[in-house]
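Read through the structure below, which is laid out as structure tokens, and then see the notes.
The values are calculated or read from the model by the stated rules, or taken from the named source; none is laboratory data. Everything numeric in this text was worked out from a predicted model, so none of it was measured. For neighbour counting, all protein chains shown are included, and Cβ atoms are generated from backbone atoms with ideal geometry for every residue, glycine included. These area figures cover heavy atoms from the full protein model, side chains too; ligands, DNA and RNA do not enter into them. Shrake-Rupley method; radii C 1.70, N 1.55, O 1.52, S 1.80 Å.
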4 protein chains.
Amino acid sequence: MPERGPSRGRPRDIDVDRRILIAARDLLLVNGYAALSIDEVADRAGVAKTTLYRRWPTKDHLIVAVVALMQDDVPILDTGDIRADLTDYLRQVADGLNTMRRAGLPEGADDRSAGVVAEVAAAAARHADLGTLIRAVFARRNAMAIGLLASAVRRGALRTDLDVAVLFDQLVGPLYYRILVTGEPVDHPYLDLIIDGALRGARPSHAHPA
Amino acid sequence: MPERGPSRGRPRDIDVDRRILIAARDLLLVNGYAALSIDEVADRAGVAKTTLYRRWPTKDHLIVAVVALMQDDVPILDTGDIRADLTDYLRQVADGLNTMRRAGLPEGADDRSAGVVAEVAAAAARHADLGTLIRAVFARRNAMAIGLLASAVRRGALRTDLDVAVLFDQLVGPLYYRILVTGEPVDHPYLDLIIDGALRGARPSHAHPA
Amino acid sequence: MPERGPSRGRPRDIDVDRRILIAARDLLLVNGYAALSIDEVADRAGVAKTTLYRRWPTKDHLIVAVVALMQDDVPILDTGDIRADLTDYLRQVADGLNTMRRAGLPEGADDRSAGVVAEVAAAAARHADLGTLIRAVFARRNAMAIGLLASAVRRGALRTDLDVAVLFDQLVGPLYYRILVTGEPVDHPYLDLIIDGALRGARPSHAHPA
Amino acid sequence: MPERGPSRGRPRDIDVDRRILIAARDLLLVNGYAALSIDEVADRAGVAKTTLYRRWPTKDHLIVAVVALMQDDVPILDTGDIRADLTDYLRQVADGLNTMRRAGLPEGADDRSAGVVAEVAAAAARHADLGTLIRAVFARRNAMAIGLLASAVRRGALRTDLDVAVLFDQLVGPLYYRILVTGEPVDHPYLDLIIDGALRGARPSHAHPA
DNA sequence: GTATAATCGAGACGGTACGTCAGGTCTTACG
DNA sequence: CGTAAGACCTGACGTACCGTCTCGATTATAC
């Protein structure tokens, strides 16, 4: 939607965007949100602060951009085995979350910490536009996973009276809950338990329809 | 836990604690975390900053204290009707979250925002002690709810092979997920759907073992 | 002095110079030096910043150009009545100074302020070339006035042992001093007093020629 | 006039003022106005920037404070020999001006430059309060010199129909004029010429033995 | 009572980062 | 070439808030 006419003036240097995002991501993962300063990002990216601010008007905006980028590329495939596909998907989500949870923590510190994840949620709360943006990113990714469930319903692998959106929440919600609130680990065994719990009542019950 | 010996010198003014917490809570609910400054809290409470810092060494500590206070009193009762009890419990949790979600938002703004909830999670991530503390608060409250489920299992209202902790996560997790991440509403109909989904596979299957 | 060879490529648009100077002058008189930004001048003149910088390499250069332009045309005539001629001359100088003194001041503000005059002096201090330039402008104008005095000396209206340059300084210096330093008014009565003072000892003393 | 009641809170550290002013003066004299940055002053003074800004809200304010300090202590004495006293006074003024004129200039550069003097005048023009302040400083110093002239009038060393304020302007004005405008030197011979010119017509003309 | 000790109010202080502004340079596309 | 447009770099500005420190004035217990 930019669509800035026949392109007047010096065009933006796309490489600059890249360098900034990389610098920001590196600093974010190493030092965490608080210790990341715009000055340092600009410095590392070899860019003037003004140039950075032209693109992201706020530290929060920058961080959200970084996170959005990190979340963007989650390949999802529908093999027909709903359980296997869900496992695969949840593991990717969990990996991403665990990475951000550890961001900025001294090597080996107990990672019962929400780290960057919470900061991003907070950032989204502070700026309406960021809320919209980040939710769009998540919605896009979730849509694919929800499609997975819907397709399973269509081919009879799951009950037809399911609210797949709710089922999805019950798969993913617990991960965020542990990361953001209780600080408990989100590892593969846990994911299996979650999937067990969610699918237990979701399979079609041959004999008696609810 | 303070245990300050045979008490020498001028004793602390307990009323001061109260005034600070009230001031902080008010500002927090009205303006949100970022816009709350220690200077202003102290000013409002009619208290010197030193006095405040003697009690809470950090802005984060103060905020967490405020939130902990707000979460403290959630009565839970076990009527024997597991579905009714869960509904009651989840509604209380949802109410608390929705209140904090709205904190600092301009009246009537669309409250698709994590507001204070995220800030607290972030604060907990920044200070190990706060993480421990806030998790203890949650653990205590959760323990009661998990007890509810366990008792239901014992009396045969739920399957015996359930992991009640996981079941609990699948009940509560979606609420936090919506509040903190997707920004979707967490209202009574949604709670019913969540409970439906969770209990669907959790009831004992007399005739047919899944 | 430019002397750009056999003139290749597109010739400069002379009108551009004019528009820039006009825009700069207007902004200078309205807002004063500090509030005048090159971007705004260019914008007003409907000119690219590059174009402006091709002509004046610095904000200071531009401002000096503007001021030089304003000072340029001070007609001086030698009627033979030294006192009347001096009065005429000093009034013109005072008018120019008073105009610049008021530049950038909120309407009706007490104009005990050096305004643009001081800024130009400062600009001249910052760039050697501007110093030379502005001094040349003043020298040219002063030379005419000094010529006035010299002619008076020649025809016996003033003492022959006078250092006319010093006499000139004592006529003009006080005006700048008031404008730049004390902020006191420089009006017609004051000019008369200055001329009185300067001429008092400068007239030939019939009885005893020093 | 501060008069801040019974002195509440931590009192200002007077030494901080001193250190800041010294640092500022040093940097000013070495580098000139433009190259003096608040950050560096604070750094040199071993002081937080905020501490500096608590005292002087603007770079201009700080510089004016520095200059005011440098001008403050000009001893004037009335020996009865008006010409000698004036010479003494003007030399002090000229010394101060010449020092500031040279501020920030590369060693040995031609000092046909207004340097700091003009910047201060400009600063005074930008901030009304600074104008008032600096004029008060000058007024105080000038009052003493004008007193010198008045006393000379009283004892018959100068004509009684003199406007001593105007006479004073004609003594001092030329110095500022040369410094700020023409860039010509202000040395001892010049001072003598100025005094000659001013006193020539100012002596009582009874027998007037020049 | 009088020393001792801690609390409280007030506000200065050091520090860190923020986001902004303006001056000047560079890079496009177009005449 | 010159011009328009606008991105870019540089450097500094003034601000905000945090958490610490230094006063003087209280208010308690201990001797």
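In summary, D:Arg200 fulfils each of the numbered conditions (1) at the interface with another protein chain (Cβ under 8 Å from one of its Cβ atoms); (2) touching a residue at least 24 places away in the same chain (Cβ under 8 Å); (3) not hydrophobic (A, V, I, L, M, F, W, C) with the single exception of condition (2). Evaluating A:Ala45 against the criteria (1) over 23 Å from the mean Cα position of the chain (by Cα); (2) exposed (fewer than 13 other Cβ atoms within 10 Å of the Cβ) leaves one unmet condition, (2).
Inside the range C:112-160, residues that are more than 13 Å from the chain's Cα centre (by Cα) and β-branched (Val, Ile, Thr) make up a count of 4.
Keeping to the range C:89-102, report how many residues are in contact with a Pro (Cβ under 9 Å, 6 or more places away or on another chain) and open to solvent by 60 Å² or more (accessible area, probe 1.4 Å).
Step one: filter the range C:89-102 for residues in contact with a Pro (Cβ under 9 Å, 6 or more places away or on another chain), giving C:92, C:98.
Now restrict to residues that are open to solvent by 60 Å² or more (accessible area, probe 1.4 Å): none.
The number of residues fulfilling the criteria is 0.
Is the range B:191-199 home to any residue that is outside the structural domain of B:Asp60 (by TED's automatic domain parsing) and under 25 Å from A:Tyr33 (Cα atoms)? Scanning the range B:191-199, I find no residue that is outside the structural domain of B:Asp60 (by TED's automatic domain parsing) and under 25 Å from A:Tyr33 (Cα atoms), so the answer is no. For the range A:33-49, what are the residues that are away from DNA strand F (no atom under 11 Å from the Cβ) and assigned to a helix (DSSP H, G or I)? Of everything in the range A:33-49, those that are away from DNA strand F (no atom under 11 Å from the Cβ) and assigned to a helix (DSSP H, G or I) turn out to be A:Glu40, A:Val41, A:Arg44.
Within the range B:132-145, residues that are open to solvent by less than 60 Å² (accessible area, probe 1.4 Å) sit with their Cβ atoms under 9 Å from residues that are of a type in the set (Phe, Trp, Tyr) and in a helix (DSSP H, G or I), at 6+ positions apart or across chains, in these pairs: B:Asn142/B:Phe168; B:Ala145/B:Tyr89; B:Ala145/B:Phe168. Might you let me know whether the range A:50-64 holds any residue that is open to solvent by less than 10 Å² (accessible area, probe 1.4 Å) and either in a loop (DSSP other than H, G, I, E, B) or more than 13 Å from DNA strand E (Cβ to nearest atom) (or both)? Among the residues of the range A:50-64, not one is open to solvent by less than 10 Å² (accessible area, probe 1.4 Å) and either in a loop (DSSP other than H, G, I, E, B) or more than 13 Å from DNA strand E (Cβ to nearest atom) (or both), which makes the answer no. Hey, any hits in the range D:150-159 for a residue that's within 17 Å of D:Tyr89 (Cβ to Cβ) and surrounded by 23 or more Cβ atoms within 10 Å (Cβ to Cβ)? Yes. Among the residues examined, B:Leu149 does not qualify as assigned to a helix (DSSP H, G or I) and facing another protein chain (nearest Cβ under 10 Å). Applying a threshold of 8 Å to beta carbon distances and a minimum spacing of six or more residues, or different chains, the list of pairs starting in the range B:8-32 at a residue that is away from chain A (no Cβ under 14 Å) and near DNA strand F (Cβ under 10 Å from one of its atoms) and ending at one that is open to solvent by 50 Å² or more (accessible area, probe 1.4 Å) and among the hydroxyl-bearing types (Ser, Thr, Tyr) is empty.
Restricting the search to the range D:179-210, which residues are in a helix (DSSP H, G or I), modelled with pLDDT under 95 and open to solvent by 30 Å² or more (accessible area, probe 1.4 Å)? Working first, answer last.
The initial filter retains those residues of the range D:179-210 that are in a helix (DSSP H, G or I), namely D:179-182, D:188-200.
Adding the requirement that they be modelled with pLDDT under 95 leaves D:179-182, D:196-200.
Across the range D:179-210, the qualifying residues are D:Asp196, D:Arg200.
One residue alone among B:Gly173, B:Gly156 is over 25 Å from A:Leu158 (Cβ atoms) and assigned by TED's automatic domain parsing to the domain that holds B:Ala84, and that residue is B:Gly156. Of all positions in the range D:20-36, at least one carries a residue that is out of contact with any Cys (no Cβ under 9 Å at 6 or more places or on another chain), modelled with pLDDT of 95 or more and within 10 Å of DNA strand E (Cβ to nearest atom).
Is there a residue being small (Gly, Ala, Ser), closer than 30 Å to C:Arg200 by Cα and modelled with pLDDT of 90 or more anywhere in the range C:85-105? Show your work before the answer.
Narrowing the range C:85-105 to residues small (Gly, Ala, Ser): C:94, C:96, C:103-104.
Restricting the remaining residues to those that are closer than 30 Å to C:Arg200 by Cα gives C:94, C:96.
With modelled with pLDDT of 90 or more added as a condition, the list becomes C:94.
Checked against the condition, which is being small (Gly, Ala, Ser), closer than 30 Å to C:Arg200 by Cα and modelled with pLDDT of 90 or more, the range C:85-105 yields at least one hit.
Within the range D:161-177, being crowded, with 24+ Cβ neighbours inside 10 Å and of a type in the set (D, E, K, R) holds for one residue alone: D:Asp169.
Against the conditions (1) at the interface with another protein chain (Cβ under 10 Å from one of its Cβ atoms); (2) touching a residue at least 12 places away in the same chain (Cβ under 8 Å), C:Gly173 satisfies every one except (2). The set of residues in the range D:161-182 that are among the hydrophobic types (A, V, I, L, M, F, W, C) and over 17 Å from the mean Cα position of the chain (by Cα) comprises D:Leu162, D:Val164, D:Ala165, D:Val166, D:Leu167.
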